[in-house]
Each structure stands twice: as structure tokens, then as C-alpha cells.
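Colleague: The structure under discussion is supplied below as C-alpha cells; questions concerning it will follow.
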Amino acid sequence: MVALAKEKQKELVEAEKYVSEVYEAIKERNPHEVEFIQAVKEIFDSLVPVLAKHPKYIEHNILERIVDPERFISFRVSWVDDQGKVQVNRGYRVQFNSAIGPYKGGLRFHPSVTPSIIKFLGFEQIFKNSLTGQSIGGAKGGSDFDPKGKSDGEIMRFSQSFMAELGKYIGPDVDVPAGDIGVGAREIGYMFGQYKKMKGAYEAGVLTGKGVSFGGSLARTEATGYGLVYFVDEMLKHKGLSFKDQTVVVSGSGNVSIYAIEKAHELGATVVACSDSNGYIYDKEGIDLDTVKRLKEENSLRISEYVEEHPHAEYKEGCSEIWSIPCDIALPCATQNEIGEPSAKLLVANGVKAVGEGANMPSTLEAIDTFLENDVLFGPAKAANAGGVAVSSFEMAQNSSRVSWTFEEVDAKLKETMASIFTNSIKEAEEHGVPGNLVIGANIAGFKKVADAMIDQGVI
């Protein structure tokens, strides 16, 4: 027994040494890509147990291979605004890993988009896509173009110019982009039209998030928010808890937030707060979802307008203070790094029981440590918000077979997928000596499938 324990300790030390060496090399090669380095560290730290247990991953140098994109594409996007002036933006696509299927990942149009943001999102996408159980690789893309305040004509001309370049590198069996922040059905429609014109063919499976009338899937709009709540519900049930009668705080007020609120309400919770980039509202009686939908989906107004219709509610400028509101369940659905260590400590002090990440990397590494150290149930983004890409893959399947599924069929498959992701993640955590740690469990579950495929396909 002593000899066995010493051998295991030796394997752990070797795995930690390998991880540290590769991580330091990545930092040196990407010195200014803060978000990408953060994502790499979060995943690498989780993989030490599986590398120690399966040294083949070290022998095949999987970490150094998986952390470098297969391809990073950067291009100019020139377009003409309504005043006839030529504008120039930058476009990006990172085709990160295709070991288990064609590249798959969203497009983000937002002024914050940089190579670091695109790489962090694409790297996370590898493992998220793997967790869904579907045959899709990891990718991400976008532009520093800001759709806010632009006319439909300007957005159409930009989207067409963007696709005129991106279209050279994608295809139904090559790379299948989808929407993300700033890219909804409108933008996807414009890009699909441009791609169709370029190719002279109707390749429905080249983009997901399309309008239902031309190949889109029902429940795609709701997918990420619903999937988040389904995943958190599995976490709660595992501990004998539920959403019923719980107080919930949700950041953001886009699709993910709106449909997370909707599903949480259906499961008996009371959502008391949500936000946008200017500030947040607190309604102790429970957020009126119809009002939020009308403000954000129909009229593109600010969330501050909510208090005009519900004067008993409060509006506060700034977003970070939303986490000072006592709640049982926190669902960060706005943007990366919105919960830092101080906010995490405040949530813990106020008795939070569970945190589910609806946005990509919304919690800093220090915040995640705070939750785990205080036994807060924590659903990491790559697992908890995988519902969007899961339904995107369902759209691909429908396009391939030329059929359409009902909303109920898609929703049932989504719920089943989120339950499977939870089960696989909790199982891997248990098997690798960290029971209940879904960060490590999800990272290992996503990693193993991709790493095994990379080994089987040789050094390419």
C-alpha cells in the first residue's frame, strides 16, 4: 500500500510538472492575451488528475497540441455606412480543434472583441462541444463591429462584407458558425444570404441560429437559458434540493438571461434581479418577465425603463452590485469575469447555495475557488451553458436529414443532454478523487474524448 501511494504521488508530481512547463510556455508565447491565459489555467489545473492516471496524454504531448489553434484567421472588413462613408473593422475566426468533428462555435460582434477574447472562447468551446456528446469540434469568431445604434442597412452591409471573407473558410463539413453576443437571427440571415450567393448552392447546414422558415431550429432562442436551468436543477437534485421557493439573481437581460428567468419561474423560483450594461433592477416581488421581454426583445430599451411600469422596483447604476442582493441561486449570464472574489465572498456571506454560469467564464479563478472552498454548488460555463451549442448541433442534424423537429422534441433532447453532461461530469470528478467538483469533472470529461481522438488520428 505504501509503495502504491508513493507511485501515485510520483505520477501526480510528474503531471503537475508537465502542466506547469506547458502553461509557462503558453504564457511566454501569448504574453498579452489575458483572457486566453486565464481560460488555459482554469482548464490545465483541472487536468492534473487525469494526466497522472493516464500518462499517455503526457507521452503524446496533448496539452501543448490542444492549446495551439489549428488555424487562426484575421481579416479586414470594409463596409459603407448610411452616410456613404467607408468604415473598417477587423474580423476573426479561430478554428481551434477538429479532432471529433467540424469546427463549431459562435460569432460575436462587439467592440471588446480581440484575438485574446476569440481564443479564450474557442479554447473553451473545444471542451463544451465535446461534453454535449455531439461530433463537433471547437471554434469561435467575430468582429470588433458594434451593432448597437446601427441601422438594418448598415448591419446588412457589414454582415455581407464579413461573410465575403469568412465564407472562404467555412462549410457544412468544415466549420459551422452560429450566433453569440451581437449576432442573432437577423445577422445570421444576412450572412446566410451572402454565403448562398457566393456558393451558388443552398447549404443550410453552414450556419446555425437561422430563421425557422429557412432551416432554423425551434427552441434555439431559448436553448442556452433553458439548458442552464436544467443543468443547475440537476446539481440541486443531486443534493436533495430544487428551484422551488428559491430566490434567484440573474445578471444580463439578453436571450440567455430572459429564458433562464422563464424556466426558473416555471420550476417555482422567484427571480428578483437582472441587469444590462448600464445597471440592474431589483424587484423583491419577482421580476415581471413580460415587461423585460417587451423592453429588451421588442424595443431594445434599457432595463432602467422597468421601474417606469413597476415603481415598487429599484434601479441601480452599475452592474457589479447586483451580487450584493441576497439569493439562494446566482446565475451570471452577462459577460466574462463579472464575478470577482469580493462579489463571490459577498454571495457566500449572504447564503448562496448554487451558482450556474450562463455566460462564458463569468467568474474569475479566485471567485471559483471561493465558491468551491465554501461548498457552494458550482456549475462551470462549459457544462452549464452548453445548451446553446447542443441545440445548434440539433439544427445541423435537422438540416442534414431535411426534417424539422417540434419545440417539444428539441426541448426534450436539450433536457436529456444537460442531464447527461451533469452525470458525466460528476462521474469523472468522483473517479479522479474530487467528488462533487464539477469544474474538474467537466474539464476531464470534455478533455478525454478530444485527447483520445487526437491520439488515434496521429500527429497531424
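Colleague: Considering only the stretch 244-272, state which residues are assigned to a strand (DSSP E or B) and either on the phi > 0 side of the Ramachandran plot or surrounded by fewer than 24 Cβ atoms within 10 Å (Cβ to Cβ) (or both).
Modeller: Answer for the stretch 244-272, where residues must be assigned to a strand (DSSP E or B) and either on the phi > 0 side of the Ramachandran plot or surrounded by fewer than 24 Cβ atoms within 10 Å (Cβ to Cβ) (or both): THR247, THR270, VAL272.
Colleague: Another one. From the residues in the stretch 436-460 that are small (Gly, Ala, Ser) and surrounded by fewer than 18 Cβ atoms within 10 Å (Cβ to Cβ), which one is nearest to GLU395 (Cα to Cα)?
Modeller: Checking each candidate, the answer is ALA453.
Colleague: Take LEU51 and tell me if it is outside any loop (DSSP other than H, G, I, E, B) and farther than 18 Å from PHE120 by Cα.
Modeller: yes
Colleague: What residue, among those in the stretch 122-160 that are among the small types (Gly, Ala, Ser) and surrounded by fewer than 24 Cβ atoms within 10 Å (Cβ to Cβ), is nearest to ALA445 (Cα to Cα)?
Modeller: Only one residue tops the list, namely GLY133.
Condition check ((1) modelled with pLDDT of 95 or more; (2) among the charged types (D, E, K, R); (3) farther than 17 Å from ARG29 by Cα) across all residues:
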residue: GLU59; (1), (2), (3): yes, yes, yes
residue: ASP68; (1), (2), (3): yes, yes, no
residue: ARG76; (1), (2), (3): yes, yes, yes
residue: ASP81; (1), (2), (3): yes, yes, yes
residue: ARG90; (1), (2), (3): yes, yes, yes
residue: GLN95; (1), (2), (3): yes, no, yes
residue: ALA99; (1), (2), (3): yes, no, yes
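Colleague: Within the stretch 300-308, can one find any residue that is without any contact (Cβ under 8 Å) to a residue 60 or more places away in the chain, in a loop (DSSP other than H, G, I, E, B), surrounded by fewer than 15 Cβ atoms within 10 Å (Cβ to Cβ) and on the phi > 0 side of the Ramachandran plot?
Modeller: yes
Colleague: Out of all the residues in the stretch 249-295, which are within 21 Å of SER343 (Cα to Cα), within 21 Å of the chain's Cα centre (by Cα) and among the acidic types (Asp, Glu)?
Modeller: ASP276
Colleague: Can you find a residue in the stretch 45-53 that is surrounded by 12 or more Cβ atoms within 10 Å (Cβ to Cβ), of a type in the set (D, E, K, R) and more than 21 Å from PHE96 (Cα to Cα)?
Modeller: Yes, the stretch 45-53 contains a residue that is surrounded by 12 or more Cβ atoms within 10 Å (Cβ to Cβ), of a type in the set (D, E, K, R) and more than 21 Å from PHE96 (Cα to Cα).
Colleague: Being touching a Ser or Thr at 6+ places or on another chain (Cβ under 8 Å), modelled with pLDDT of 95 or more, among the hydrophobic types (A, V, I, L, M, F, W, C) and more than 17 Å from LEU331 (Cβ to Cβ) narrows it down to one residue among LEU207, LEU218, LEU236; which is it?
Modeller: LEU218
Colleague: Also, quick follow-up: Within the stretch 185-240, can you find the residues that are under 23 Å from the mean Cα position of the chain (by Cα), surrounded by fewer than 19 Cβ atoms within 10 Å (Cβ to Cβ) and hydrophobic (A, V, I, L, M, F, W, C)?
Modeller: Within the stretch 185-240, ALA185, VAL212 meet the criteria.
Colleague: Now for a separate question. Looking at the stretch 296-315, which of the residues that are under 24 Å from the mean Cα position of the chain (by Cα) and not charged (D, E, K, R) is farthest from ALA334 (Cα to Cα)?
Modeller: That would be SER300.
Colleague: Quick check on GLY193: is it part of a loop (DSSP other than H, G, I, E, B), in the same structural domain as GLN87 (by TED's automatic domain parsing) and out of contact with any Gly (no Cβ under 9 Å at 6 or more places or on another chain)?
Modeller: The answer is no for GLY193.
For every residue, the table says whether it meets (1) part of a loop (DSSP other than H, G, I, E, B); (2) polar (S, T, N, Q); (3) surrounded by 15 or more Cβ atoms within 10 Å (Cβ to Cβ).
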site	(1), (2), (3)
ALA390	no, no, yes
PHE394	no, no, yes
VAL403	yes, no, no
ASP411	no, no, yes
LEU414	no, no, yes
ILE421	no, no, yes
LYS427	no, no, no
VAL434	yes, no, yes
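Colleague: Go through (1) outside any helix (DSSP H, G or I); (2) surrounded by fewer than 23 Cβ atoms within 10 Å (Cβ to Cβ); (3) in contact with a His (Cβ under 9 Å, 6 or more places away or on another chain) one by one and return the number of the condition ILE287 breaks.
Modeller: (2)
Colleague: Please state which of the following conditions SER363 fails to meet, knowing it meets all the rest: (1) touching a residue at least 12 places away in the same chain (Cβ under 8 Å); (2) surrounded by fewer than 16 Cβ atoms within 10 Å (Cβ to Cβ); (3) among the polar types (S, T, N, Q).
Modeller: Going through the list (1) touching a residue at least 12 places away in the same chain (Cβ under 8 Å); (2) surrounded by fewer than 16 Cβ atoms within 10 Å (Cβ to Cβ); (3) among the polar types (S, T, N, Q), SER363 breaks only (2).
Colleague: Right, LYS316: surrounded by fewer than 24 Cβ atoms within 10 Å (Cβ to Cβ), at pLDDT 95 or above, outside any helix (DSSP H, G or I) and outside the structural domain of ILE43 (by TED's automatic domain parsing) or not?
Modeller: yes
Colleague: Among the candidates GLY91, GLY84, which residue alone is surrounded by 19 or more Cβ atoms within 10 Å (Cβ to Cβ) and assigned by TED's automatic domain parsing to the domain that holds GLN160?
Modeller: GLY91
The values are calculated or read from the model by the stated rules, or taken from the named source; none is laboratory data. On a predicted model such as this, the values are computed, not experimentally measured, just so you know. With ideal geometry, Cβ positions are generated from the backbone for all residues, glycine too; neighbour counts draw on all protein chains shown.
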